[in-house]
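The values are calculated or read from the model by the stated rules, or taken from the named source; none is laboratory data. Worth saying up front: this structure is predicted, and the values here are computed from it rather than measured. Cβ placement follows ideal geometry from the backbone for every residue including glycine, while neighbour counts extend to all protein chains displayed.
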Amino acid sequence: MSTNRIEDSICGVWRRLLPATALLALLAGCANKQSTTASAPPVRAPVPHVAHYATRFTQAEDPISEGGRWVGGKTVGLDWGNVSTTPGYAIGVAGPRSFADSVALLSGDWPINQSVETTVDRRKVSHYPEVSLRLRSSLAKHNCDGYEISFSLKDEDAAYLIIVRWNGPLADFTYLVNAHGNQYAVKTGDVVKATIIGNEIKAYKNGALMGTARDNKYIHGAPGFGFNEGENGDYGISSLSATATDAATF
């Protein structure tokens with residue numbers, strides 16, 4: 001066999017091998033790209049939305065506003081009462097009709113799970129004094145709805161705790177809890193708190209759980225506070241803290 005024929009044979013083999021080699025290199029490059037895409041970092045869960053407001057009522061206002069932070073039962077709802085303040089002291093000014101409690105709700109949109117905490121200031125009381133905490137509540141013309149958790153300032157065995165669902169119109173409400181006994185009485189310095197997570201409402205006095213209710217009616221609204229209807233003496237609250245989140249717990 002001549003040298004030229006051997007060289008021609010070798011060249012033919014390489015011509016057949018080169019396309020296959022190029023194809024393998026291309027496939028290897030695609031595999032590397034796919035591997036890079038698959039190793040992208042995982043998507044992180046969204047950070048829960050949390051809203052908070054606290055006050056010690058530093059201004060004299062009738063009705064309470066604190067720079068537009070509050071809306072009032074009389075100002076907006078018409079049929080209820082407003083809340084007024086002097087430095088360090090918030091009180092109710094009830095409406096003229098029966099069940100026209102004074103109401104103040106925080107303005108703006110608030111996440112669904114809410115907590116409100118206040119410090120009681122009891123001076124001289126009569127009849128049916130109540131410090132009320134509001135959850136998932138709203139006000140509109142001739143409408144006040146949401147949840148009210150009220151602690152009595154009456155003495156000893158006459159005291160009570162109520163958890164109420166306000167259904168909208170004046171005097172239209174439903175008791176979810178109506179409990180009586182001296183353990184529910186509150187006085188100056190006591191801290192009362194109410195929370196709602198999901199459909200569960202809880203009431204606390206000085207950190208101790210005092211009552212629980214469940215209701216599925218309202219899933220939106222704002223936190224707030226207020227006081228019972230009528231003339232019930234000189235009493236109010238000296239501070240308030242409200243927190244809300246769309247997380248499953250505070």
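Could you check the range 205-240 and list, in sequence order, the residues that are of a type in the set (Gly, Ala, Ser) and more than 15 Å from ILE149 (Cβ to Cβ)?
Taking the range 205-240 and keeping what is of a type in the set (Gly, Ala, Ser), we get 207-208, 211, 213, 221-222, 224, 226, 230, 233, 236, 238-239.
GLY207, GLY230, GLY233, GLY236, SER238, SER239, listed by residue number.
Examine the range 165-188 for a residue that is of a type in the set (Asp, Glu), surrounded by 13 or more Cβ atoms within 10 Å (Cβ to Cβ) and at pLDDT 95 or above, and state whether such a residue exists. Yes, the range 165-188 contains a residue that is of a type in the set (Asp, Glu), surrounded by 13 or more Cβ atoms within 10 Å (Cβ to Cβ) and at pLDDT 95 or above.
For residues that are under 11 Å from VAL120 (Cα atoms) and either of a type outside the set (Lys, Arg) or without any contact (Cβ under 8 Å) to a residue 24 or more places away in the chain (or both), scanning just the range 189-199, find the one that is surrounded by the fewest Cβ atoms within 10 Å (Cβ to Cβ).
The initial filter retains those residues of the range 189-199 that are under 11 Å from VAL120 (Cα atoms), namely 189-193.
From what's left, either of a type outside the set (Lys, Arg) or without any contact (Cβ under 8 Å) to a residue 24 or more places away in the chain (or both): 189-192.
Numbers: GLY189: 11, ASP190: 17, VAL191: 16, VAL192: 25.
In this case the residue turns out to be GLY189.
Scanning the range 120-132 for residues that are more than 9 Å from ASN232 (Cα to Cα) and either surrounded by 17 or more Cβ atoms within 10 Å (Cβ to Cβ) or modelled with pLDDT under 95 (or both) turns up VAL120, ASP121, ARG122, VAL131, SER132. Looking across the range 171-200, the residues that are more than 25 Å from PHE250 (Cβ to Cβ) and either touching a Ser or Thr at 6+ places or on another chain (Cβ under 8 Å) or in a strand (DSSP E or B) (or both) come down to ALA171, PHE173, THR174, TYR175, ASN178, HIS180, ALA185.
Annotation for the range 2-24: at least one member residue is part of a loop (DSSP other than H, G, I, E, B) and either closer than 26 Å to THR195 by Cα or at pLDDT below 50 (or both).
Taking the range 201-250 and the strands (runs of 3 or more DSSP E) fully enclosed by it, the elements with 2 or more residues that are over 18 Å from LEU106 (Cα atoms) and either among the polar types (S, T, N, Q) or assigned by TED's automatic domain parsing to the domain that holds ASP79 (or both) are at 208-214, 233-245.
Cβ-Cβ contacts under 6 Å between residues 6 or more apart (or on different chains), taken from a first residue in the range 45-65 that is in the same structural domain as PRO87 (by TED's automatic domain parsing) to a second residue that is part of a strand (DSSP E or B) and of a type in the set (Phe, Trp, Tyr), are listed as ILE64/TRP70. For the range 134-149, what are the residues that are more than 17 Å from ARG214 (Cβ to Cβ) and assigned to a strand (DSSP E or B)? Answer for the range 134-149, where residues must be more than 17 Å from ARG214 (Cβ to Cβ) and assigned to a strand (DSSP E or B): ARG134, SER137, SER138, LEU139, ALA140, ASN143, CYS144, ASP145.
I'd like to know if the range 161-180 contains one or more residues that are of a type in the set (A, V, I, L, M, F, W, C) and in contact with a Cys (Cβ under 8 Å, 6 or more places away or on another chain). Write out each step before concluding.
Narrowing the range 161-180 to residues of a type in the set (A, V, I, L, M, F, W, C): 161-164, 166, 170-171, 173, 176-177, 179.
Filter once more, so that each one left must be in contact with a Cys (Cβ under 8 Å, 6 or more places away or on another chain): 166, 170.
Yes, the range 161-180 has at least one match.
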